[in-house]
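Engineer: Structure incoming, see below.
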Ligand code: FCB
């Protein structure tokens, strides 16, 4: 199906997504405090090649030019995240005007070019000072987050069109508190449920604050994967249900149904605590939209693993990306219709979708030829169209990512950008996928 035959809903958002620590660089500039990612990446042994975000894409100093590139591509929306410790160096209390000014300029620059800003409040970079006070394990984090959110609403709600509270709470907990591959690098079965629950409480409290102060819309961003069993054995089926509960329903059920899935207790055993019932009054605060990040499906085989108790297995006939993720565009249609069927109709955005592939060096050709990413993009936009045709209320699509950037603990080794970045010179070069995306947007509007 070509996008030419298809009418996207009016005002459909066509954007690209990034996150503060992955692109900004200058993490301590102009009075900013350190985040847990600054600490983590400066801890020997944590990052591939010892990489860190000290420079990244140098976006902190190049933001105006970068917005110009977005305009060249015809983007009408841009999803970025705010570094909490730039704005509140200690996480609470004193506001750092230098940090606020950076985001003010960015939002104004975007508005001047008719690019609508979507601001994510938390894309994984907790202020280090708050980690010292227990971070996501301290119940007070809900107050700390609501305080920070209010500062941002007051400062930027005139220009920001969509607010997203958390990016991928599942990854924050699974990577940060259970398996330890992401900051703050803990590996603790008993901490993980507490971190998840406090993330949700913080989300709910900031939504409530927005109702008092905001005039646009606010939602949450989750990563979802359709889970299917590797075989029809009972063990694989049970493992699939648990994997689905763990990743897909653990955060959405509390927000939309006011309770965790029953499987959470089976998964965590004695590590799953009883949470105060009144917490769900906060967690259930009504959101205006949900952002869905989609990268792959999960084909599940039962195993003895702690928590997921399931392995994702490889399919011989499939293509895998450089992060070893299966390319499976139909899964995007599946997960969007699943969401609508389970949680009801509401505005949805694809807030991330993209792939890391090996790209030839930028010196060889301009644009950089990235045929696998071009294919990925076309297939996934078509899969989104199919969901729209079946009545799912999808209002926008944000490709991950605008730039090659710091892929967290994998450093600069995985290139997800539609714009190539030469990290030695900071030269930006469009990839073929960027030009394809520009054409998709033109034809859709
Ligand atoms: C998502 C993250 C994003 C990026 C992509 C590849 O889980 O939200 O920052 O790292 O994966």
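Engineer: Taking the number of other C-beta atoms within 10 Å as the exposure measure, put 141, 151 in order starting with the fewest. Could you put the intermediate results ahead of the total?
Structural biologist: On the way: 141 22, 151 17.
Exposure proxy ranking, most exposed first: 151, 141.
Engineer: Between residue 413 and residue 158, what is the label-to-label distance in nm when each label sits 7 Å out along the Cα-to-Cβ direction?
Structural biologist: Spacing of the two 7 Å Cα→Cβ label points: 4.7 nm.
Engineer: Rounded to a whole number, what is D in µm²/s for the range 18-158 from Stokes-Einstein with the Kirkwood radius over alpha-carbon pairs (20 °C, 1.002 mPa s)? Display every interim value, and only then the final one.
Structural biologist: Working: Rh = 15.5 Å.
In µm²/s, the coefficient rounds to 138.
Engineer: So, one more: Once you place label points 7 Å from the Cα toward the Cβ at residue 94 and residue 363, how far apart are they in nm?
Structural biologist: Between residue 94 and residue 363, the simple spin-label model gives 4.7 nm.
Engineer: Ranked from highest to lowest mean number of other Cβ atoms within 10 Å per residue, what is the order of the peptides 80-92, 219-231, 271-283, 252-264?
Structural biologist: The densest-packed peptide leads the list: 80-92, 219-231, 252-264, 271-283.
Engineer: By how many nm would the segment from residue 265 to residue 443 grow when fully extended, if each residue of separation counts as 0.36 nm and the alpha-carbon distance is taken off? If you can, show how the numbers build up before the last one.
Structural biologist: Details: separation 178, 0.36 × 178 = 64.08 nm, distance 4.85 nm.
Once the chain is fully extended between residue 265 and residue 443, it gains 59.2 nm.
Engineer: Still on this structure, I have one more. What FRET efficiency do you get for residue 427 and residue 48 if R0 is 25 Å and r is their Cβ-Cβ distance, rounded to the nearest 0.05? Show your work: numbers first, answer last.
Structural biologist: Numbers: r = 23 Å, r/R0 = 0.90.
Calculated value: 0.65.
Engineer: So if we plug the beta-carbon distance of residue 101 and residue 71 into 1/(1 + (r/R0)^6) with R0 = 25 Å, what FRET efficiency do we get, rounded to 0.05? Write out the running numbers ahead of the final one.
Structural biologist: Values: r = 22 Å, r/R0 = 0.88.
Efficiency, rounded to the nearest 0.05: 0.70.
Engineer: Would you calculate the separation in nanometres between label points at residue 132 and residue 208, each defined as 7 Å from the Cα along the Cα-to-beta-carbon direction?
Structural biologist: 2.9 nm
Engineer: Cut-off is 10 Å between beta-carbons; in what order do 179, 314 appear when sorted fewest neighbours first?
Structural biologist: Numbers: 179 16, 314 11.
Arranged by neighbour count, lowest to highest, 179, 314 become 314, 179.
Engineer: I'd like the per residue volume of the convex hull spanned by the Cα atoms of the chain, given in cubic angstrom. Mind dumping the intermediate values first?
Structural biologist: Numbers: hull volume 60.7 nm³, N = 445.
Here the figure is 136 Å³ per residue.
Each value in this text was obtained by applying a stated rule to the coordinates, not by laboratory testing. These numbers were taken from a predicted model, which means no experiment stands behind them. Cβ sites come from the backbone with ideal geometry, for glycine too, and all protein chains shown count toward neighbours.
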